[in-house]
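The values are calculated or read from the model by the stated rules, or taken from the named source; none is laboratory data. Quick caveat, the model's predicted, so the values are computed rather than measured. Note: ideal-geometry Cβ built from the backbone for every residue, glycine included; neighbour counts use all protein chains shown. Please note that ligands, DNA and RNA were not included when accessible areas were found on the heavy atoms of the full protein model with its side chains. Shrake-Rupley method; radii C 1.70, N 1.55, O 1.52, S 1.80 Å.
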Amino acid sequence: MTPSAGLPSLLVGCLVAAVGGLALVLSFFRRHRIADPLLASFGGFTLLYGVRLFFQSPLLPGFGVSELASDWVISLTTYLINVPAWAFFWQVLGEGRRSFLFKWLIVTGAFSVVGVASDLNRG
């Protein structure tokens with residue numbers, strides 16, 4: 001594999017993670033003391049997606065990142081990314097606590113907790 005083969009996922013991952021981090025920071029300044037939930041959920045989703053893209057790059061061992069660490073971060077972000085994504089959709093489309101999207105948000109949150117706990121238990 002040529003060194004440039006993993007460069008797009010590395011660069012796009014950094015860019016998407018930076019946009020997500022900026023959106024998270026801006027969500028806290030949007031309303032004094034309370035985060036803007038729509039912008040925060042978008043920022044959380046894009047930050048996690050960018051981190052996952054970054055760690056999927058085959059160039060990371062050249063920077064001293066072990067394959068085990070990359071696999072662990074990819075697995076963790078795969079479990080967690082659904083929570084801010086569904087929170088974003090719930091903010092955009094949902095109507096109150098009884099909506100389907102809110103219930104699905106609770107299910108994905110519970111799945112994330114179980115998935116992360118399972119991975120931590122297995123090592």
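Just a few scattered comments:
- Number of the condition not met by residue 50 [criteria: (1) open to solvent by 60 Å² or more (accessible area, probe 1.4 Å); (2) closer than 17 Å to residue 8 by Cβ; (3) in a helix (DSSP H, G or I)]: (1)
- Meets criteria (assigned to a loop (DSSP other than H, G, I, E, B), surrounded by 14 or more Cβ atoms within 10 Å (Cβ to Cβ) and of a type in the set (Ser, Thr, Tyr)) for residue 75: no
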